[in-house]
Amino acid sequence: MTTKMAINAKDIFRNQHRMIKFIAHSIRLCSNQSLKAAQAAQQQQQQKSSVDFEITASVDTQYTHAPEPIKHDKDLGHQFKASQLSVRLATPQQLQPKPDNDEELGFGRLFTDHMLKIYYHKSLGGWQKPEITPLENLVMHPAAKVLHYAVELFEGMKAYRGVDGKIRIFRPDMNMARMNLAAQRSGLPTFEGKEFVQCLSRLLSIDSEWVPHTDTASLYIRPTLIGIDPTLGVASSDSALLYTILSPVGSYFKTGSTGAVSLLADPAYTRAWPGGVGNRKMGSNYAPTINVQKEAASRGLQQVLWLYGEDHQLTEVGTMNIFMFYVNDQGEQELVTPPLNGLILPGITRDSILNMSRQWGKFKVSEANITMPMVCELLNQGRLLELFGAGTACVVSPVNRINYLGQDLYVPTMEQEKPVHELIRETLTDIQYGRVDHPWSVVID
């Protein structure tokens, strides 16, 4: 074999995954023509019908703002750059099995072919060069801080395949800001969010065929930061690993036949408290909730409504922020959610709902404490209209029943003629799947 032939053969092998992806994409495009036609017809019908709210491609700066830049520690060392990113593609033997049906995906059980890894070592000057590798196991010392002191945090994002075939992510700057705040609280190194998003974009482009070809599923993005110092002792991490894995996902929650969830509200259990880290996305916030979730399931309930304080304040529902739509004392319709007082996670979906609703101007929008006695009183007076959770994993999840102090409280969320939670869900998914052009939705090149 000549040198030229050897080089050509090497190029063919190196790029064969692109050919495989191209062929698979072409097949899917052919099979999806009828689906796209139906979606187009449905969109035209929606445009012809009268609507209560107009989704615009603008974001009023009166109601939304960009997150503040993170302030890095002076002794952090150098930052990584997306321009330094290296790629090691999976061989045919390393490729992961793809799901047969995008419509029947669970949550977090399947993973894509590649992952993103960025190491931090203070002794080596700071952040090291980012790399994309085949999905592989992590190797670390048994004394690594993450294994002993839960020195770790994570984020939850999604990539959506739009009706135009383009892949989008939703408000990634918000995830980066929240992740860095959690890193500061955990004694982990902070990083430049824009550079990380560029690295994520490259990972998504490589594993783009894993983004489901449907608007009922998406590709879950799990950025994770862990302390890997091989030393015992509670202290800041001088070595860390920032990595990201991807997983095609369907629905997060198992709901009842109505599509709504039922909740256990037991004041004996508390998720977070003032001065704690309930407002940070750390694994240590989630492990203690698992046993309570099992308790809810044993009573035939799907999720836990977390309460706090002597007045039984509503904080979060499962892993979601909670919203209540009701008629207030002045006879006005009002959408209310608990304030960012340190007890709840500053959700990106939560922030988006507040911004959109305020910009619509069709009902009052507020951030205030909600208590279970208040919920009971509103139900008795027929003024509680809807209760729903909101988050990246589920978007919007309506609530129709709460088991509180041994009694079942039935919420008429699913009985409204034009439910607000449905309008919110449709608006958000229209943005995420590209049916509406919007600056919150970032296209992956």
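The values are calculated or read from the model by the stated rules, or taken from the named source; none is laboratory data. Here the structure is a predicted model, which means the values were calculated and not measured. Cβ coordinates were reconstructed from backbone atoms using ideal geometry, including for glycine residues, and neighbour counts include every protein chain displayed. All accessible areas refer to the heavy atoms of the entire protein, side chains included, with ligands and DNA or RNA removed. Shrake-Rupley method; radii C 1.70, N 1.55, O 1.52, S 1.80 Å.
Summary table below
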{"item": "Residue within the range 355-363 that is in the same structural domain as Gly406 (by the TED database), crowded, with 17+ Cβ neighbours inside 10 Å and under 27 Å from Asp408 (Cα atoms) present", "result": "no"}
{"item": "Qualifying position, being buried (at least 17 other Cβ atoms within 10 Å of the Cβ) and touching a helix residue (DSSP H, G or I) at 6+ places or on another chain (Cβ under 9 Å), among Ile370, Ile348", "result": "Ile348"}
{"item": "Residue count for the range 409-435, restricted to those that are crowded, with 16+ Cβ neighbours inside 10 Å and either hydrophobic (A, V, I, L, M, F, W, C) or in a strand (DSSP E or B) (or both)", "result": "8"}
{"item": "Cβ-Cβ under 6 Å pairs, at least 6 apart or on other chains, the range 212-234 side hydroxyl-bearing (Ser, Thr, Tyr), far side in a strand (DSSP E or B)", "result": "Ser218/Lys158; Ser218/Tyr160; Tyr220/Lys158; Tyr220/Ser247; Tyr220/Val249; Thr224/Phe154; Thr224/Tyr243"}
{"item": "Enumerated strands (runs of 3 or more DSSP E) restricted to the range 249-339, each holding at least 2 residues that are at negative phi and in contact (Cβ under 8 Å) with a residue 60 or more places away in the chain", "result": "261-265, 303-308, 313-317, 320-327"}
{"item": "Residues within the range 404-419 that are touching a residue at least 60 places away in the same chain (Cβ under 8 Å) and within 16 Å of Cys394 (Cβ to Cβ), tallied", "result": "2"}
{"item": "Any hit, the range 19-40, residues being part of a loop (DSSP other than H, G, I, E, B) and at pLDDT below 50", "result": "yes"}
{"item": "Which listed residue is over 17 Å from Thr224 (Cβ atoms) and out of contact with any His (no Cβ under 7 Å at 6 or more places or on another chain), from Arg171, Arg185", "result": "Arg171"}
{"item": "Filter result (of a type in the set (D, E, K, R) and surrounded by 16 or more Cβ atoms within 10 Å (Cβ to Cβ)) within the range 66-92", "result": "none"}
{"item": "Criterion: modelled with pLDDT under 95 and either open to solvent by 50 Å² or more (accessible area, probe 1.4 Å) or under 30 Å from Pro223 (Cα atoms) (or both) - qualifying residue of Gly406, Gly331, Gly389", "result": "Gly406"}
